[in-house]
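Take a look at the structure below.
The values are calculated or read from the model by the stated rules, or taken from the named source; none is laboratory data. None of the values given here were measured: they were computed from a predicted structure. Glycine also receives a Cβ, built like all others from the backbone with ideal geometry; neighbour counts cover every protein chain displayed. Note: accessible area is taken over every heavy atom of the protein model, side chains too, but ligands, DNA and RNA are not part of it. Shrake-Rupley method; radii C 1.70, N 1.55, O 1.52, S 1.80 Å.
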Amino acid sequence: QVQLVESGGGLVQAGGSLRLSCAFSGRSFSSYAMAWFRQAPGKEREFVASRTSGGRTYYGDSVKGRFTISRDNAKNTVTLQMHSLKLEDTAVYYCAAVYGWVEGAPRAEDPDYWGQGTQVTASS
């Protein structure tokens, strides 16, 4: 059984930065691509970023150049560094694990496991 636990969300002024972390517990972290999705009220869950075990990274168009995903295969963690936050980045952010995913950005229906979510709010 895999468990994902996010941390690091909060309230930040627009233009500021936040760092989200996700701790993976279970077997075979290296067999999973790790991803971040987000969901704002009234909207569908949206792909944000992903990183395969081999190091391939993918980003949603709205966050390219501002967000960076990284993973530590020794510590079973994945982080999302967010800079230049905008009001429209406000959402619940979810960590996700996709088994055997080696290329391309996963869709919202692809992850095998989800974290509980952490709220990120950018304010004016």
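Observations, loosely collected:
- Output for the range 53-66, where each listed residue is at negative phi and modelled with pLDDT under 95: SER53, GLY54
- Being out of contact with any Cys (no Cβ under 7 Å at 6 or more places or on another chain) and open to solvent by less than 70 Å² (accessible area, probe 1.4 Å) is a property that holds for THR118.
- Among residues of the range 87-114 being open to solvent by less than 10 Å² (accessible area, probe 1.4 Å), part of a strand (DSSP E or B) and not β-branched (Val, Ile, Thr), the one that is farthest from LEU20 (Cα to Cα) is ALA97.
- Residue check, VAL63 surrounded by 13 or more Cβ atoms within 10 Å (Cβ to Cβ), closer than 29 Å to ALA14 by Cβ and in contact with a helix residue (DSSP H, G or I) (Cβ under 8 Å, 6 or more places away or on another chain): yes
- Every residue from the range 52-74 that is closer than 26 Å to SER25 by Cα, of a type in the set (Val, Ile, Thr) and without any contact (Cβ under 8 Å) to a residue 40 or more places away in the chain: THR57, THR68, ILE69
- Picking from residues in the range 1-10 that are not small (Gly, Ala, Ser) and not in a strand (DSSP E or B), the one that is surrounded by the most Cβ atoms within 10 Å (Cβ to Cβ) is VAL2.
- Filtered residues of the range 11-47 (kept if among the aliphatic types (A, V, I, L, M) and surrounded by 20 or more Cβ atoms within 10 Å (Cβ to Cβ)): LEU18, LEU20, ALA33, MET34, ALA35
- Annotation: SER84 fulfils all but one of (1) open to solvent by less than 10 Å² (accessible area, probe 1.4 Å); (2) polar (S, T, N, Q); (3) on the phi > 0 side of the Ramachandran plot; the unmet one is (1).
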